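Trainee: Let me begin by handing over the structure; questions about it come next.
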Amino acid sequence: MSQKPTKRVHPARIVARVFGLAILVGTVVLSMPISRTANNFGGFLEAAFTSVSAICVTGLSTVDVSTYWTPFGHLMILLMIKLGGFGIVTFAVLLGILLARRIGLNSQMIGSAETPGLDQGNPKRLIFKILIASSSFEFLVATFVTLRLWLGYGYSFGDASWYGTFHAISAFNNAGFSLYSNNLMGFATDGWVLMPLNVAVILGGLGFPVVFELGRRIIGRVRASQVGGVIESALHWTLSTRLVLWSTLVLLVFGSVYFAAIEWNNPATLGPLDFGSKLLNAFTQSVQPRTAGFNSVDLSQVYPATLMGMDLLMFIGGGSASTAGGIKIGTAAVLLFIVWTEIRGETAVNVGSRRLPRSIQRQALTIISLASLAVITATILISLTTKFTTDQIFFEVVSAFGTVGLSTGITAQMPPFGQIILMALMFGGRLGLVVVATALAVRQTKVHFEYPKERPLIG
């Protein structure tokens, strides 16, 4: 008797199922009395929302994290953040490996050249490298914050270590969960706390392919300078790395200038601060919308124009194979180059000395279109059931979809229907784009004929 061929499960579906199972387990654990404070035995929804937010490293919450959950609950949230941040990076990278193997040896060689620093032939070694790199960054940031809290604020060493470790892991994994009721507003004038967390957010948002290549290039430059060898130019770096680094720099500068220009004299945000603290908080609120979710000023008091600028930063997010969410920097950059090519009337989309394949262009347009549709639909649905302003709802929706976690303070006031929509957005924003991108890359159907061309009217 012949055996029926086993049906292969798409790798992207495996990722979604694993994260769904992790969310379910987290919900059950947070629903237990040991996870809640004595007077908080609320409904199932709070636990489910927090579990989704932690696993998807978002940071949105319907309760006060610092008081609602017990130390055991805080530890569970921290573990879920670590699992969500490390897991999504690992799965994203491994999906790339699976795809590379699927499209043949030649493509594997090309993929290896385009992602230096990542050992695609040894997944176990790759995962180990990611774990070591992420844990090392988190340890360094935790050390800085711990010392500051211990020596500067009178914390006991144990408390300082716990707070430093929690916020370092939350920052590097772009989660934005805080053990303070006012998030980081109490440190608005303290660069020794904010800057290490900002650096952790930036590094976590770059993506491990970029981080590993940066490390390899820096080590190579140091060795070349020591022996008098040829120092490799940045022009020889991979296209992905150049796009991520330049785009990150542009977005950080734009966000800082934009926030400072609008909020400089706002008496409820930057107005009362001194010059240096204004610059520090403007930079911080430029970094955090890159899907981290910490806030050092009261976002419920910022001007509507400021919220719109932050919406853009949250929607874009960070780099691919990173702990950040959003549509990703690479996707936004590809769209920008497509638009620029059309404006110039050229036929091929070129970035530097490289030509972008048409398949990449279509994937970018598809992801942006689906993301925009999800955000607009969710905004409309929530606006039908709440009385909040459109700019507040849109900010909350983009924050959820981009797995940012910044809030104007309306999440806890939403009806269950609105909170469930935000949960779906967090899950879809974290995993949906990976699934879509992977599916688009895999499903390449060969067509042996083409229909005649006809140009519809545009514009």
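The values are calculated or read from the model by the stated rules, or taken from the named source; none is laboratory data. None of the values given here were measured: they were computed from a predicted structure. Cβ placement follows ideal geometry from the backbone for every residue including glycine, while neighbour counts extend to all protein chains displayed.
Trainee: Which of the numbered conditions does Ile132 fail, given that it passes all the others? Conditions: (1) among the β-branched types (Val, Ile, Thr); (2) surrounded by 17 or more Cβ atoms within 10 Å (Cβ to Cβ); (3) modelled with pLDDT of 80 or more.
Mentor: Of (1) among the β-branched types (Val, Ile, Thr); (2) surrounded by 17 or more Cβ atoms within 10 Å (Cβ to Cβ); (3) modelled with pLDDT of 80 or more, only one is false for Ile132: (2).
Trainee: Taking the range 259-269 on its own, how many of its residues are buried (at least 21 other Cβ atoms within 10 Å of the Cβ) and part of a helix (DSSP H, G or I)?
Mentor: Qualifying residue count for the region: 2.
Trainee: Which ones in the range 201-222 are under 12 Å from Ala324 (Cβ atoms) and in a helix (DSSP H, G or I)? Break it down into steps so the answer makes sense when it comes.
Mentor: Looking only at the range 201-222, we keep the residues that are under 12 Å from Ala324 (Cβ atoms), and these are 201-208, 210.
Those that are under 12 Å from Ala324 (Cβ atoms) and in a helix (DSSP H, G or I): Val201, Ile202, Leu203, Gly204, Gly205, Leu206, Phe208, Val210.
Trainee: Follow-up. Testing Leu365 on (1) at pLDDT 90 or above; (2) more than 25 Å from Arg17 (Cβ to Cβ), one condition comes back false. Which one is that?
Mentor: All conditions are met except number (1).
Trainee: Would you pick out the residues in the range 168-186 that are part of a helix (DSSP H, G or I) and either under 15 Å from Phe86 (Cα atoms) or modelled with pLDDT of 95 or more (or both)? If you could, list the steps in order and put the result at the bottom.
Mentor: Keep residues of the range 168-186 that are part of a helix (DSSP H, G or I), which gives 168-172, 185-186.
Answer for the range 168-186, where residues must be part of a helix (DSSP H, G or I) and either under 15 Å from Phe86 (Cα atoms) or modelled with pLDDT of 95 or more (or both): Ala168, Ile169, Ser170, Ala171, Phe172.
Trainee: Please specify each residue of the range 205-220 satisfying the condition of being more than 16 Å from Glu138 (Cβ to Cβ), among the β-branched types (Val, Ile, Thr) and in contact (Cβ under 8 Å) with a residue 24 or more places away in the chain.
Mentor: Scanning the range 205-220 gives a single hit, Val210.
Trainee: Let me ask you something else. If you scan the range 343-392, which residues turn out to be of a type in the set (Val, Ile, Thr) and either under 21 Å from the mean Cα position of the chain (by Cα) or within 24 Å of Gly330 (Cβ to Cβ) (or both)?
Mentor: In the first step, residues of the range 343-392 are kept if they are of a type in the set (Val, Ile, Thr); the result is 343, 347, 349, 351, 360, 366-368, 375-377, 379-380, 382, 385-386, 389-390.
Correct list: Ile343, Thr347, Val349, Val351, Ile360, Thr366, Ile367, Ile368, Val375, Ile376, Thr379.
To keep it simple, each residue is scored yes or no on (1) buried (at least 23 other Cβ atoms within 10 Å of the Cβ); (2) in a loop (DSSP other than H, G, I, E, B); (3) over 24 Å from the mean Cα position of the chain (by Cα).
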| residue | (1), (2), (3) |
| --- | --- |
| Gly271 | no, yes, yes |
| Leu279 | no, no, no |
| Phe283 | no, no, no |
| Ser286 | yes, no, no |
| Ser296 | yes, yes, no |
| Met310 | yes, no, no |
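Trainee: Residue under question is Gln301, and the condition is that it be in contact with a Ser or Thr (Cβ under 8 Å, 6 or more places away or on another chain), among the polar types (S, T, N, Q) and surrounded by fewer than 22 Cβ atoms within 10 Å (Cβ to Cβ); does it hold?
Mentor: On the way: in contact with a Ser or Thr (Cβ under 8 Å, 6 or more places away or on another chain): yes; among the polar types (S, T, N, Q): yes; surrounded by fewer than 22 Cβ atoms within 10 Å (Cβ to Cβ): yes.
Yes; evaluated as a whole, the condition is true for this residue.
Trainee: Only residues that are closer than 22 Å to Leu249 by Cβ, in contact (Cβ under 8 Å) with a residue 12 or more places away in the chain and part of a helix (DSSP H, G or I): list them for the range 332-367, please.
Mentor: If the condition is that a residue be closer than 22 Å to Leu249 by Cβ, in contact (Cβ under 8 Å) with a residue 12 or more places away in the chain and part of a helix (DSSP H, G or I), then Ala332, Ala333, Val334, Leu335, Phe337, Ile338, Ala364 are the ones that fit.
Trainee: Within the range 315-331, identify whether any single residue is assigned to a helix (DSSP H, G or I), modelled with pLDDT of 90 or more and more than 14 Å from the chain's Cα centre (by Cα), and answer yes or no.
Mentor: no
Trainee: Would you say Leu440 is under 26 Å from Gly309 (Cα atoms), at pLDDT below 85 and in contact with a Ser or Thr (Cβ under 9 Å, 6 or more places away or on another chain)? It would help to see each step written out before you state the result.
Mentor: Details: under 26 Å from Gly309 (Cα atoms): no; at pLDDT below 85: yes; in contact with a Ser or Thr (Cβ under 9 Å, 6 or more places away or on another chain): yes.
Taking the combined requirement at face value, the residue does not satisfy it.
Trainee: Follow-up. Does any residue in the range 7-28 that is modelled with pLDDT of 80 or more come within less than 8 Å, Cβ to Cβ, of a residue that is loosely packed, with under 14 Cβ neighbours inside 10 Å six or more places away or on a different chain, and which pairs are these?
Mentor: Matching pairs, first to second residue: Thr27/Phe44.
Trainee: Surrounded by fewer than 20 Cβ atoms within 10 Å (Cβ to Cβ) and either over 24 Å from Thr291 (Cβ atoms) or out of contact with any Lys or Arg (no Cβ under 9 Å at 6 or more places or on another chain) (or both): does that describe Glu346?
Mentor: Values: surrounded by fewer than 20 Cβ atoms within 10 Å (Cβ to Cβ): yes; either over 24 Å from Thr291 (Cβ atoms) or out of contact with any Lys or Arg (no Cβ under 9 Å at 6 or more places or on another chain) (or both): yes.
Here the answer is yes, as Glu346 does meet what is asked.
Trainee: Can you tell which of Val199, Val141 is under 16 Å from the mean Cα position of the chain (by Cα) and of a type in the set (Val, Ile, Thr)? Can you show your working first?
Mentor: Details: Val141 fails: under 16 Å from the mean Cα position of the chain (by Cα).
It is Val199.
Trainee: For residues that are more than 20 Å from Lys328 (Cα to Cα) and free of Cβ contacts under 8 Å to residues at least 60 places away in the same chain, scanning just the range 393-413, find the one that is surrounded by the fewest Cβ atoms within 10 Å (Cβ to Cβ).
Mentor: Taking the range 393-413 and keeping what is more than 20 Å from Lys328 (Cα to Cα), we get 393, 407-413.
Okay, now just the ones that are also free of Cβ contacts under 8 Å to residues at least 60 places away in the same chain, so 393, 410, 413.
Details: Ile393: 21, Ile410: 17, Gln413: 12.
Within the range 393-413, the match that is surrounded by the fewest Cβ atoms within 10 Å (Cβ to Cβ) is Gln413.
Trainee: Does the range 179-186 contain any residue that is buried (at least 24 other Cβ atoms within 10 Å of the Cβ), in contact (Cβ under 8 Å) with a residue 24 or more places away in the chain and either in contact with a helix residue (DSSP H, G or I) (Cβ under 7 Å, 6 or more places away or on another chain) or not hydrophobic (A, V, I, L, M, F, W, C) (or both)? Quick ask: steps written out before the conclusion?
Mentor: From the range 179-186, those buried (at least 24 other Cβ atoms within 10 Å of the Cβ) are 183; that's our starting set.
Filter once more, keeping what is in contact (Cβ under 8 Å) with a residue 24 or more places away in the chain: 183.
Of the ones still in play, those that are also either in contact with a helix residue (DSSP H, G or I) (Cβ under 7 Å, 6 or more places away or on another chain) or not hydrophobic (A, V, I, L, M, F, W, C) (or both) are 183.
Yes, the conditions are met somewhere in the range 179-186.
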